[in-house]
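For reference, the structure discussed in these notes is given below.
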Amino acid sequence: MNLSRVVFVGNIKIGGCHPIALQSMTSTQTRNISDSVNQVIRLINSGAQMVRITTPAMKDVEALQSIITELRAQNYTTPIIADVHYLPEVAMAVAPFVDKVRINPGNFTDNKSVRNNDFSEEEYARSLQAMGEKAAPLIELCKKHNTAIRVGVNHGSLCDRIISKYGNTALGMVHSALEWIDICEENQFYDVIFSLKSSNVNTMVEATTLLHQIMAERGTIFPLHLGVTEAANGMEGRVKSAIGIGSLLLKGIGDTIRVSLTEEPENEILFAKKMMTVVDRIDPSQYQVENQTLTIKSEATDPEEWWIEAALIAGFYHFSETPFKNVMIHNPHFNSSEITQLEDTLLQSCRIKLTKTEIIACPSCGRTQYNIQEVLQIVKERFSGYPNLKIGVMGCVVNGPGEMADADIGVIGSGKNKIAVYRDGAPVSTFLPIEEALKVMESHIIEILKDKNQV
């Protein structure tokens, strides 16, 4: 078995033979220090071994430091991670006092178009060199303060240079990560963790598996953070997360996990703990696929454990050489309607058979300024019955446009309690009060369905 390199994040070890570390992210406004401290404590008490806090701007740096100071004063030593977007200078500012900095490779590149993103070999090389030069000061600062880095590659936010060569693909995600492995190794920095996330389970698993394989071939496996981003909520979010994360864990891939749910963040940890319990006891090889049908017999009585069990088995076979087209579940503790719902959700999450609208939604963080949980529920109630429609419900403009670029339509938050409607990746409204924006979205959905001959 190929073991990953061990990386210290504060007082815990990630990788090697060490247990899978569970983490989540606060949803409070970072500058609301009291609320943030209280939510971090609730997450720790729920079982979180690391907690991430958004730090979108320089104004949030001082607040983050105050949060950590208060936590340490109350004897909480759980590692705190700064989630940094857009601004490398923010990453530099937090690196001396946090345990890990999460950065996005795309924020260290010059995204100015080069002849419609048609990079020559020379231009490609110059852009890559510039990224390395821009990253070097942060790496040196992290080396000085023993601060780890997570390079978070997101399917929806690859830089123009990567897309010009590999497209917005799993392979592009892998090469984005490999560039940063080279940069870190050139700077003799090894306290780095990687994640390759997508709301599409197939893309996330393909990218992570390929990166793990290439790292093994190169001789050093850096720790991997696993997660299916924008998984939404309820059964759908849990099943999708368990398929993506669980199928990799069953292969021995992954060192720390975050289940992304558009719910209270404590729920992410509670579900992750259940998932790890099932991963440790399940043997997928005892199940079988016959005539392209995967049969799953279960005696589980807890609904979430049942979902996890079925998702792990489905994910194991979906990403193996014995794929399936149908699922048949037997469990005497649940009725036929509940069984059918789980079967459909498994097939939908694997993108084998679409029976309802695909709805993606970010878990929200301190950048979200509207009630995303409430809006997600409204969207599910009004627009769930369209199998060939994809809707995004996103918290903010940082990840929103990129992460839902392949959605037919969606909403993104900005000002307090206002959202804008995006169609095919472009805005079709200004930021409006929520109900007004949802009416705009509904009118566009009718047009989209007409174009797809669904009405």
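Where both partners of a DSSP beta bridge lie in the chain, what percent of those bridges are antiparallel, to the nearest 5?
So the antiparallel bridges in the chain amount to around 30 percent.
Would any residue of region 364-379 have its amide N under 19 Å from a label point 7 Å out along Cα→Cβ of GLN341? List them or say none.
Taking a point 7 Å out along Cα→Cβ of GLN341, the residues of region 364-379 whose backbone N falls under 19 Å are 374, 376-379.
Taking the Cα-to-Cβ direction at HIS333 and at ASP424 and moving 7 Å from each Cα, how far apart do the two end points lie in nm?
For HIS333 paired with ASP424, the spin-label model returns 4.8 nm.
Can you tell me the mean projection area, over all orientations, of the convex hull of region 245-374's alpha carbons? Units nm², please.
Mean shadow area of the hull around the Cα atoms is 9.1 nm².
Which value, to two decimals, describes the C-alpha radius of gyration of region 193-320 once divided by 2.2 N^0.38 Å?
Its radius of gyration relative to the 2.2 N^0.38 Å reference: 1.03.
HN-Hα J couplings of region 277-285 from phi, Karplus 6.51/-1.76/1.60, θ = phi - 60°, integer Hz, Gly and Pro as x?
4, 5, 4, 5, 10, 8, 10, x, 5
Quantify how much of the Cα-Cα distance distribution of region 7-226 extends past 26 Å, in percent.
36
Regarding the chain, what whole-number volume in Å³ per residue does the convex hull of its Cα atoms give?
Measuring per residue, one finds 149 Å³ for the Cα hull of the chain.
Roughly speaking, what % of Cα-Cα pairs in region 38-77 are separated by over 16 Å, rounded to a whole number?
Across region 38-77, Cα pairs with separations above 16 Å total 36 percent.
Output ³J(HN,Hα) for region 149-155: one whole-Hz value per residue in order, computed from phi by the Karplus curve 6.51 cos²θ - 1.76 cosθ + 1.60 with θ = phi - 60°, and x for Gly and Pro.
Result, rounded to whole Hz: 10, 10, 8, x, 8, 10, 4.
With the cut-off at 1.5 for a/c, could you classify region 286-349 from its C-alpha gyration tensor as rounded, prolate or oblate?
prolate
Gap in Å between the Cα centre of region 332-399 and the Cα centre of region 206-221?
31
If you take the beta carbon distance between LYS325 and LYS297 as r and set R0 to 22 Å, what does 1/(1 + (r/R0)^6) give as a FRET efficiency, to the nearest 0.05?
Taking R0 as 22 Å, the efficiency between LYS325 and LYS297 is 0.70.
Can you give me the C-alpha center-to-center distance between region 1-58 and region 262-294, rounded to a whole angstrom?
Comparing the Cα centres of region 1-58 and region 262-294, I get a distance of 22 Å.
Out of the GluC sites (Glu not before Pro) in region 360-455, which ones are loop residues according to DSSP with at most 16 other C-beta atoms within 10 Å?
Here no loop site has a sparse enough neighbourhood.
Starting from the 7 Å offset along Cα-to-Cβ, what nm value, one decimal, do you get for the label separation of THR355 and GLN74?
Roughly 4.4 nm, to one decimal.
Can you put VAL9, VAL375 in order, fewest other beta carbons within 10 Å first?
VAL375, VAL9
With N residues in region 358-451, what two-decimal value do you get for its Cα radius of gyration over 2.2 N^0.38 Å?
Rounded to two decimals, the normalised Rg is 0.95.
Among residues other than GLU435 whose Cβ falls under 13 Å from its Cβ, what is the net charge (Lys/Arg +1, Asp/Glu -1)?
Around GLU435, the surrounding residues sum to 0.
So between GLU133 and GLU305, what do we pick up on full extension, going 0.36 nm a residue minus the alpha carbon distance?
Going from the current span to full extension adds 57.2 nm.
Where both residues lie in region 286-349, what percent of DSSP beta bridges are antiparallel, nearest 5?
40
Restricting everything to alpha-carbon atoms, can you work out Rg to Rh for region 51-144 with a Kirkwood hydrodynamic radius?
1.10
Could you compute the FRET efficiency for GLN188 and ASN45, with r as their C-beta to C-beta distance and R0 at 30 Å, rounded to 0.05?
Efficiency at R0 = 30 Å is approximately 0.20.
Count of lysine pairs in region 311-433 with Cα atoms under 13 Å apart, counting only pairs 8 or more residues apart in sequence or on different chains?
4
Count neighbours as other Cβ atoms within 10 Å of each site's Cβ, and list the chymotrypsin sites (Phe, Trp or Tyr not before Pro) in region 62-164 that are DSSP loop with at most 16 such neighbours.
Hits after loop and neighbour filter: TYR76, TYR86, PHE97.
Using 0.36 nm per residue of separation minus the Cα-Cα distance, give me the extension gain between GLN377 and ASP35 in nm, one decimal.
That pair, GLN377 and ASP35, stretches by 120.7 nm at full extension.
Cut-off is 10 Å between beta-carbons; in what order do ARG72, ARG367, ARG126, ARG258 appear when sorted fewest neighbours first?
ARG72, ARG126, ARG367, ARG258
Which residues in region 150-168 have a backbone N closer than 15 Å to a point placed 7 Å from the Cα of TYR124 along the Cα-to-Cβ line?
Only 159-168 pass the distance filter.
So for region 358-451: antiparallel DSSP bridges make up what percent, rounded to the nearest 5?
DSSP beta bridges in region 358-451 are roughly 55 percent antiparallel.
Throughout, read-outs are computed from the coordinates displayed, never taken from laboratory work. Predicted model, so just to flag it, every value in this text is computed and none were measured. Counting neighbours? That spans all protein chains shown, and the Cβs are built from the backbone with ideal geometry, glycine included.
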